[in-house]
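Here it is: the structure, laid out below.
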Amino acid sequence: MKYIRLKRLRRKESLRNLFRETNLDIYDLVMPYFVVDGKNQKQEINSMPGIFRYSIDNLVRDIEQIYTKGIQAVILFGVPKIKDKTASEAYKKEGIVQKAIRKIKKEIPEVVVIADVCLCSYTLTGHCGIIKNKNSKTYEIDNDDTLIILSKIALSYAEAGADIVAPSAMMDGQVLSIRETLDKNGFYDVAIMSYSAKYASNFYSPFREAAGSFPKFGDRKTYQLDYHNIKEALREIETDIKEGADIVMIKPALSYLDVIRKAKESFNVPVAAYSVSGEYSMVKAASQNGWIDEKNVVLEILSSIKRAGADIIITYWAKDIVEWIR
Ligand code: PBG
């Protein structure tokens, strides 16, 4: 037997296009935004070149721009001025995210608005939950007290007009608690995208700079997943689906392609993957040094995430990709 020829289908670009198995689609992409108080604010984030904290006026202008180019979904993170013990800024009617949602819905109603539901930017401790005891060495997060607050936040985002709420605190029961609260108040049509498999990752630091959410003590390992594990992630996803999650998310994305693939094969709900801040910053830094080609590396990374099984990709490059895949 002669050897088998496989390269015929790669001979030229048009052939490769014809046999391409994975295509990035701009409709799959979600652009994250950090929102601050004030007017005409556009503050670049030091560790995330090209990503900014916007005041609402500039935010709406930027979303208008990317919407015209085809990006139709955004996820919002509030960066509040005031923090307190119970994260009360997060569920105020006049909170930064609530105001932003109302404004976006007024100006560009078609845009899918996703609101991140968490406490970490709003608490003095920088933790995603309420702290039970004060001793910072033996502190514990009060899961059930946190559920009450997460539900309040989700409800206030729904009242402001959010299409999807996205709990990211990794508290047990957060999806059920939010679903029940939304339904009790008539928000049957507000969907839940749960950060189901959110790992205690080292890739979040640029985000924490952007959102001002570094934990003041300890870390998030008591509530976020251990990166050595995948079965545990699947249990988290399964539980969230039972509790009513419409979309499940794996986060980060690039180091967790196996988890994305397994989730996609195991469940019948849309799978989202969050390509996080650290993934963005690594590529940015290398490309700014001229060591790699940003556009091609990003297209390769995001195509891999899609190939692994992600239906939805949250990425800080959403804006740029629109131009790149045209
Ligand atoms: C809030 C939250 C975080 C991210 C999304 N939602 C930070 C964290 O858990 O510390 C990280 C996103 C990113 O790194 O891009 N809990």
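Using a basic spin-label model with each label point 7 Å from the Cα along Cα→Cβ, how many nm lie between K242 and F19?
Between K242 and F19, the label points sit 4.5 nm apart.
Ok, one more. Per residue, what volume in Å³ does the convex hull of the Cα atoms of the chain enclose?
Taking only Cα atoms, the chain has a hull volume of 156 Å³ per residue.
Among F267, L9, I164, which residue has its Cα furthest toward the positive end of the charge dipole of the chain, with +1 on Lys/Arg Cβ and -1 on Asp/Glu Cβ?
Positive-most Cα among the choices belongs to L9.
Another question, then. List the trypsin sites (Lys or Arg not before Pro) within the range 98-152 that DSSP assigns to loop and that have no more than 14 neighbouring Cβ atoms inside 10 Å.
K132, K134, K137
Averaged per residue, what accessible area in Å² does the chain show with a 1.4 Å probe, protein chains only?
On a per-residue basis, the chain sits at 48 Å².
While we're looking at this one, here's another question. Using the Cα centre as the reference, give the magnitude of the dipole from point charges on the C-beta atoms of the range 199-306 (Lys, Arg: +1; Asp, Glu: -1; all else neutral), rounded to the nearest 20 debye.
100 debye
Continuing with the same structure: For L257, what accessible surface area do you get with a 1.4 Å probe? Give it in Å², rounded to 10.
Its accessible surface works out to 40 Å², give or take rounding.
Let me ask something else. Can you give me the distance in nm between label points at R307 and I230, each placed 7 Å from the Cα along the Cα-to-Cβ direction?
Going by the 7 Å Cα→Cβ label model, 1.7 nm.
With θ taken as phi - 60° and the coefficients 6.51, -1.76 and 1.60, list the Karplus ³J(HN,Hα) couplings across the range 3-9 in order, rounded to whole Hz; mark glycine and proline as x.
5, 8, 8, 10, 7, 3, 7
Could I ask something else about it? Place a point 7 Å from the Cα of E94 along the Cα-to-Cβ direction; which residues of the range 29-50 have their backbone N under 13 Å from it?
Correct set: 38.
Just to be sure I understand the curve: with the Debye formula and one point per C-alpha of the range 175-259, what is log10 I(q)/I(0) at q = 0.16, 0.19 Å⁻¹?
For the range 175-259, the Cα-only Debye profile gives -0.74, -0.94.
Over the chain, what is the relative contact order in whole percent, taking alpha-carbon pairs under 8 Å and six or more residues apart?
Once normalised by length, the contact order is 18 percent.
To continue, here is another question. Considering the range 24-82, what Rg and Dmax in Å follow from its alpha-carbon atoms?
Cα only, the range 24-82: 12.0, 39 Å (Rg, Dmax).
Out of the chymotrypsin sites (Phe, Trp or Tyr not before Pro) in the range 1-49, which ones are loop residues according to DSSP with at most 14 other C-beta atoms within 10 Å?
Y3, F19
Below 18 Å, Cα to Cα, which lysines can K42 reach? Residues fewer than 8 away in the same chain don't count.
List returned: K81, K99, K103, K319.
Tell me the angle of helix 277-288 to the major Cα principal axis of the chain, expressed in degrees between 0 and 90 and rounded to the nearest ten.
Relative to the chain, helix 277-288 is tipped by roughly 50 degrees.
Full-extension gain between K132 and N202, please, as 0.36 nm times their residue separation minus the C-alpha to C-alpha distance.
Taking 0.36 nm per residue and subtracting the Cα distance, the gain is 22.7 nm.
Using r as the Cβ-Cβ distance of E110 and K42, and R0 as 30 Å, what FRET efficiency do you calculate, to the nearest 0.05?
0.80
Residues with amide H under 5 Å of V117's amide H, sequence separation 5 or more or different chain, H placed in the peptide plane at 1.01 Å from N; which?
A166, S168
From the backbone phi of the range 175-185, what are the Karplus-calculated ³J(HN,Hα) couplings (6.51 cos²θ - 1.76 cosθ + 1.60, θ = phi - 60°) in whole Hz, Gly and Pro given as x?
For the range 175-185, the Karplus curve yields 5, 4, 4, 5, 4, 4, 5, 4, 5, 4, 9 Hz.
Can you sort H228, H127 by 1.4 Å-probe accessible area, starting with the largest?
Order by accessible area, largest first: H228, H127.
Report the accessible area of I148, computed with a 1.4 Å probe over the heavy atoms of all protein chains in place, in Å² rounded to the nearest 10.
Only protein atoms counted, so the area is about 100 Å².
Would you mind telling me the share, in percent, of accessible area of the chain contributed by carbon and sulfur at probe 1.4 angstrom?
Answer for the chain: carbon and sulfur cover 50 percent of the accessible area.
As an exercise, identify the chymotrypsin sites (Phe, Trp or Tyr not before Pro) in the range 276-320 lying in DSSP coil whose Cβ has no more than 13 other Cβ atoms within 10 Å. List each step's numbers first, then the result.
Details: sites: Y280, W291, Y316, W317; in loops: W291, Y316, W317.
Loop-located and lightly packed - W291.
Explain nothing, just the number: dipole magnitude of the range 269-326 about its Cα centre with +1 on each Lys and Arg Cβ and -1 on each Asp and Glu Cβ, in debye rounded to the nearest 20.
Value, rounded to 20: 80 debye.
The values are calculated or read from the model by the stated rules, or taken from the named source; none is laboratory data. Because the structure is a prediction, the values reported are computed rather than measured. Cβ atoms come from the backbone with ideal geometry, glycine included; neighbour counts cover every protein chain shown. All accessible areas refer to the heavy atoms of the entire protein, side chains included, with ligands and DNA or RNA removed. Shrake-Rupley method; radii C 1.70, N 1.55, O 1.52, S 1.80 Å.
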